[in-house]
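Asks: This is the structure I want to talk about, given as structure tokens.
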Amino acid sequence: MTAVIDYDAGNIKSVEKALLKLGEQAVITRDREVILNADRVILPGVGAFGAAMEKLRSYGLEEVIHKAVEKGTPFLGICLGLQLLFEESEESEGVEGLGLLPGKIVRFSEDNGLKIPHIGWNSLKFPRPGRLFSGVPEESYVYFVHSYYLKAEEEAIVTATAEYGELVHASVEKDNIFACQFHPEKSSEVGLTILKNFINI
């Protein structure tokens, strides 16, 4: 069973729907025991970094997320869920993230002449092997919606990158923590393969 963390962030139902399509039992929850007893946990999300951290803290979910990760439960952050795993974001100066991985979330530069937010399909490169991308060819297209992107401190955790005026760290993996800046649940068959790989970890 996969617990999908509910903290009033957008996009939660579409993640549940994709999991159900794969035949996976999914529960949208903020119940501590359900999360800690799940086979795997997903932190989805669309929205602002600061508001999201406030919600996680007000629901007592920050500690639960740390406990689930410490237990070794496979954990997947999606979009805003990826950003929250890191230490801080330029979107909400002074707000601490979950700090599970070292790195910072930064805003796309206005100087590139590209539209912000970055919305649409973009191809991936794989600088190093990632378990999420088993059976996914390099240059596969996935769907992004974001104005801020990850600069991970540890290059070794970056398993996928994309180009949008800057080099975007599009996916990371470290031990039992996985995260994607893009939306696998909205990325057609490629996205379903990525979610299936996560379910099978």
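Asks: What number goes with the only condition from (1) outside any strand (DSSP E or B); (2) touching a strand residue (DSSP E or B) at 6+ places or on another chain (Cβ under 8 Å); (3) open to solvent by 70 Å² or more (accessible area, probe 1.4 Å); (4) farther than 23 Å from Arg57 by Cβ that Glu96 does not pass?
Replies: Evaluating Glu96 over (1) outside any strand (DSSP E or B); (2) touching a strand residue (DSSP E or B) at 6+ places or on another chain (Cβ under 8 Å); (3) open to solvent by 70 Å² or more (accessible area, probe 1.4 Å); (4) farther than 23 Å from Arg57 by Cβ leaves (4) as the failure.
Asks: Just to be sure, is Val190 closer than 26 Å to Ala48 by Cβ and of a type in the set (Val, Ile, Thr)? Full working, then the answer.
Replies: Details: closer than 26 Å to Ala48 by Cβ: no; of a type in the set (Val, Ile, Thr): yes.
No: the conditions fail for Val190.
Here is a yes/no grid of residues against (1) surrounded by fewer than 16 Cβ atoms within 10 Å (Cβ to Cβ); (2) farther than 21 Å from Phe133 by Cα:
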| site | (1), (2) |
| --- | --- |
| Gly10 | yes, yes |
| Lys17 | yes, no |
| Ala38 | no, yes |
| Leu82 | no, no |
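Asks: Within the bounds of region 44-60, is there any residue that is more than 26 Å from Tyr148 (Cα to Cα) and either without any contact (Cβ under 8 Å) to a residue 12 or more places away in the chain or open to solvent by less than 50 Å² (accessible area, probe 1.4 Å) (or both)? Working first, answer last.
Replies: Of region 44-60, the ones more than 26 Å from Tyr148 (Cα to Cα) are none.
No, region 44-60 has no match at all.
Asks: Moving on. Since Tyr143 meets every condition but one in (1) in contact with a His (Cβ under 7 Å, 6 or more places away or on another chain); (2) part of a loop (DSSP other than H, G, I, E, B), which condition does it not meet?
Replies: Every listed condition holds for Tyr143 apart from (2).
Asks: Could you tell me which residue of region 175-201 is farthest from Gly135 (Cα to Cα), considering only residues that are among the aliphatic types (A, V, I, L, M) and surrounded by 22 or more Cβ atoms within 10 Å (Cβ to Cβ)? Please lay out each step first, then the result.
Replies: As a first pass, look at region 175-201 and keep what is among the aliphatic types (A, V, I, L, M): 177, 179, 190, 192, 194-195, 199, 201.
Checking which are surrounded by 22 or more Cβ atoms within 10 Å (Cβ to Cβ) leaves us with 179, 194-195.
Working: Ala179: 18, Ile194: 9, Leu195: 12 Å.
So, considering only residues that are among the aliphatic types (A, V, I, L, M) and surrounded by 22 or more Cβ atoms within 10 Å (Cβ to Cβ), the one farthest from Gly135 (Cα to Cα) is Ala179.
Asks: OK, next. Considering Thr2, Thr29, which residue is within 20 Å of Phe178 (Cβ to Cβ), in contact with a helix residue (DSSP H, G or I) (Cβ under 8 Å, 6 or more places away or on another chain) and surrounded by fewer than 19 Cβ atoms within 10 Å (Cβ to Cβ)?
Replies: Values: Thr2 fails: surrounded by fewer than 19 Cβ atoms within 10 Å (Cβ to Cβ).
Unique residue meeting the criteria: Thr29.
Asks: Another one. Is there any pair with a first residue in region 136-154 that is farther than 20 Å from Gly47 by Cα and a second that is modelled with pLDDT of 95 or more and assigned to a loop (DSSP other than H, G, I, E, B) whose Cβ atoms are under 6 Å apart and which are 6 or more apart or on different chains, and what are they?
Replies: Taking only residues 6 or more apart or on different chains, the pairs are Glu138/Phe126; Ser140/Leu124; Glu153/Pro102.
Asks: So if I check each of Ala156, Ala162, which one is over 11 Å from the mean Cα position of the chain (by Cα), in a strand (DSSP E or B) and over 16 Å from Leu84 (Cβ atoms)? Let's see the steps before the verdict.
Replies: Numbers: Ala156 fails: in a strand (DSSP E or B).
Matching residue, one of Ala156, Ala162: Ala162.
The values are calculated or read from the model by the stated rules, or taken from the named source; none is laboratory data. Keep in mind it's a predicted model, so treat the numbers as computed, not measured. All Cβ positions, glycine included, derive from the backbone under ideal geometry; neighbour counts span all protein chains shown. Remember, those area values only see protein heavy atoms, side chains included, never the ligands or the DNA or RNA. Shrake-Rupley method; radii C 1.70, N 1.55, O 1.52, S 1.80 Å.
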